[in-house]
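Structure record follows, encoded as C-alpha cells.
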Amino acid sequence: LGAGIVRLTQPDDAVNLNPIPHRPPDPRYPPDIPIYRHVGQPIFPTSADRVGFYLIRLLSVLLATVNVALAIRLLARLLPDLPEVQKLALVLLVGIPQFAFISGVINNDNLANLMATAVLLCLMGLLQEGFSLWRWAFVGILLGLGVLAKKTLLFLLPLVGVIAWLVWRRQGRLAWGGLIIALLAMSLI
C-alpha cells in the first residue's frame, strides 16, 4: 500500500531522506549510537519526498483507525449486554502508549493488526451466525494478506482450527470444508 503511494507521488519511485547524525560533545553517550537532531537542516531533499513520507504516515494512521472501528464492532459482538465493559476495553486499546506510537509510524504492524482484527470479527460471525462458505473464504483471504504483512499472524491458525471444530460440533462436516477453503485461500495469497 505504501509502495502505491510512493509510485503515485514520487518521480523517482523513492522517498529520500537525509538523516544527519549529530554527536553531542558529552562523553557519556556511546560513540556508536547516532543521535539525530534536525534543527535547521532539512531532512527531505525535495518537497515531493516530504509529501510522500507524510502520506505514508497518514496511511498508517488510517489503517489504525479502521482497526479501532473493527475492534468496536468486535467488542459489540463479544459483549452485547455489557456496553460499559465495551467502552473500557476500547479505552484500554487506544490508551496503550505503544498502540498510539505504532499507529503514527511507517511500518507493517498497522496492516497486520487490522487483518488480525478483521479475522477475529469474521470468526465471531461464523460462531454466531453459523456456516458461511463466503465467510470462510474471506477468513482465508484476510489471513493470507495478514501473513504477507507480518508472519506472526500465523498465531491465528490454531484459533481458526478451534472455530472450525466448534462450528462442526453445531452443524456437522461442512465446517471442515470451510476450513479447507480458508486454508487454500490463505495459501494461494
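Exactly one residue out of Ile96, Ile20 is modelled with pLDDT under 90, under 20 Å from the mean Cα position of the chain (by Cα) and either buried (at least 17 other Cβ atoms within 10 Å of the Cβ) or among the β-branched types (Val, Ile, Thr) (or both), and it is Ile96.
Consider Leu159 carefully, then state whether it is surrounded by fewer than 14 Cβ atoms within 10 Å (Cβ to Cβ), in contact (Cβ under 8 Å) with a residue 12 or more places away in the chain and closer than 16 Å to Leu183 by Cα.
Numbers: surrounded by fewer than 14 Cβ atoms within 10 Å (Cβ to Cβ): yes; in contact (Cβ under 8 Å) with a residue 12 or more places away in the chain: yes; closer than 16 Å to Leu183 by Cα: yes.
Against the criterion (surrounded by fewer than 14 Cβ atoms within 10 Å (Cβ to Cβ), in contact (Cβ under 8 Å) with a residue 12 or more places away in the chain and closer than 16 Å to Leu183 by Cα), Leu159 qualifies.
For Pro83, the stated conditions hold: it is more than 19 Å from the chain's Cα centre (by Cα) and modelled with pLDDT under 90.
Among the residues of the range 58-75, those that are closer than 25 Å to Leu127 by Cα and surrounded by 13 or more Cβ atoms within 10 Å (Cβ to Cβ) comprise Val66, Asn67, Val68, Leu70, Ala71, Ile72, Arg73, Leu74, Leu75. Restricting the range 162-189 to residues that are exposed (fewer than 13 other Cβ atoms within 10 Å of the Cβ) and within 24 Å of the chain's Cα centre (by Cα) leaves a set whose member that is farthest from Met124 (Cα to Cα) is Leu188.
Filtering the range 45-57 for residues that are open to solvent by 90 Å² or more (accessible area, probe 1.4 Å), at pLDDT 85 or above and of a type outside the set (Phe, Trp, Tyr) leaves a non-empty set.
The values are calculated or read from the model by the stated rules, or taken from the named source; none is laboratory data. Quick caveat, the model's predicted, so the values are computed rather than measured. Don't worry about glycine lacking a Cβ; one is built from the backbone with ideal geometry, like all the others, and counts go over all protein chains shown. Areas reflect the complete protein model, heavy atoms only, side chains present, ligands, DNA and RNA absent. Shrake-Rupley method; radii C 1.70, N 1.55, O 1.52, S 1.80 Å.
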